[in-house]
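Data block below; observations after.
Just so it is clear, none of the values below were taken in a lab; they were calculated from the coordinates. Values in this document were obtained by computation on a predicted structure and should not be read as measured data. In this analysis, Cβ positions are derived from the backbone assuming ideal geometry, glycine residues included, and neighbour counts consider all displayed protein chains.
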């Protein structure tokens, strides 16, 4: 089978990495490590030697990088590349803090120490190995936040496998496509996803070797052809399994999915060094220590949930986690008080609900050191309110599944910086570049630092991004360029490189030849005292090409469309061509699991609503 250029490049890079770590490595060892025949490896090595990338000397092979060093770096590379892994960090905590609490599950009255969590992970790893899984095999998890998720986060690494953290809220058809794309050998899922997972496996062409029902607090029956988690790990040893290959910092250990605001979720590989450096970023920013205790109000299957206060940083630093399967604002406050939680992670909508309750009935949440929110910018008024009601230490981050967070507002940036997403994180660079209709802007083609000129936000995050999508070269080439990730988000920035998001390129509306982004209109409409929130999209218009449509969530049920329309006509923030021409009042705005408004969904709905008359002329 003919290899694609990208695939061949990956193999050559893997050979170079292996030789760099062990210059005396044999063709047999290379063949095993790269999963190739010895003859194929021999041919590739000859190609590398002929190209000058490899030099053979006294029975050893050296890369050009090694030859150009001023010192012998082999011991350093061997130690760093094989030992600076997330799993090694977790195991240090198992040894150092074996009796310290790692995880609390109030729903099951369960507490696991680091020693106990590791033992459970060992059993699951042994069971996976016994089922035939090994290096680079995929374990798909459709799990809510739970001990099962925590165990699944750790166990596959112990046998060189990869965890695919799937959105447990996908429809069966979407999950079937995800199964066929990633071809997991094992699927583990929470009981609430039983119907979807069972149907997805029936629909998918690829059939996993084993499907495991876990996190079964609902006590449902095991579907036919599947196995319970208890039976799957039964009689398995709780000692560390023998890994066939040495771990490497460039090994893929986790695969996440985009939140799907534009299409079916894309699979994003996360390698081991990405995991470690994402954890370090969090540990440094808050800061987070082994004395802290976190709770996520958002799912761990998203990068923000997993890496902001979830298993990634918490288990790497030796902190403890309180598990919340489903967000309940009153329960969050109760558990914060009871378990002395120090850091909460959630979307702005979560903070809104917490504040309402806390303002009415105060709980002792003085243990809180900070609340981290991602998914949407904070307004100044909201920031002040949350600081007064919950904790003065509010953090607001901006980033993507592909690159984690990349700009940050810290407590000392707020409330003055509210509305923006701050400036770049320490190891990252965020720019606003020009937008062209016929080509992608070069990274150097930056917009003016004037808070007015809108461009596309691009990110360079070498520490936290693998710069690729799994088996999707087309999207990889569209989104990644010269090491930069082109987000599709649009924004402005100021003289201090502080970025403010305005919308998305694909949310852009063209009205009478003018480019319009929904965020500015939404902000203006939300100024109306009877409006709680709104989402703006477009509908077809024969004269203008497109017309603006606004969907309103009322703060006061007495509000009328005529009232809002008149308000917009008088708004100093809305030019005539930017004013909505159509309105509708709805109960809630559709959002992704990370709290982002789903403009693409409303755009499809708006066409139907215009035809049926649900959208009314303002």
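Rg/Rh for the chain stands at 0.98; both radii use Cα atoms, and Rh follows the Kirkwood definition.
Each residue, residue 475 and residue 530, gets one label point 7 Å from its Cα in the Cβ direction; the gap between the two is 4.3 nm. With all pairs of different C-alpha atoms in the average, the Kirkwood value for the hydrodynamic radius of segment 404-511 is 14.5 Å.
Normalised by residue count, segment 508-563 yields a Cα convex hull volume of 78 Å³ per residue. Look at the alpha carbon pairs under 8 Å that are at least 6 residues apart: their mean separation over the length of segment 393-447 gives a relative contact order of 25 percent.
Could you give the length gained on full extension between residue 608 and residue 360, defined as 0.36 nm per residue of separation minus the Cα-Cα distance, in nm?
Answer, rounded to one decimal: 85.2 nm.
For segment 262-324, what is the relative contact order in percent, using Cα pairs closer than 8 Å and at least 6 residues apart in sequence? For segment 262-324, the relative contact order is 37 percent. Sorting 476, 111, 79 from the fewest to the most surrounding beta carbons within 10 angstrom yields 79, 111, 476.
Listed from fewest to most Cβ neighbours within 10 Å, the set 295, 203 follows the order 203, 295.
Take every Cα pair under 8 Å whose residues are at least 6 apart in sequence, average their separation, divide by the length of the chain, and the relative contact order is 8 percent.
The length gained by stretching the chain between residue 577 and residue 209 to full extension, at 0.36 nm per residue less their Cα-Cα distance, is 126.7 nm.
Looking at segment 508-617, the DSSP beta bridges with both ends there are about 75 percent antiparallel.
Projecting label points 7 angstrom from Cα along Cα→Cβ for residue 410 and residue 96 puts them 2.2 nm apart. Annotation: the residues 232, 343, sorted from fewest to most other C-beta atoms within 10 Å of their own C-beta, follow the order 232, 343. With 0.36 nm allotted per residue and the present C-alpha distance subtracted, the residue 135-residue 541 stretch has 140.7 nm of extension available. One Cα centroid belongs to segment 435-461, the other to segment 361-430; the line between them spans 25 Å. Once you have a ≥ b ≥ c as the square roots of the Cα gyration tensor eigenvalues for segment 508-617, tell me rounded if a/c is under 1.5, and otherwise prolate or oblate according to whether a/b is larger than b/c. Here segment 508-617 falls in the rounded category.
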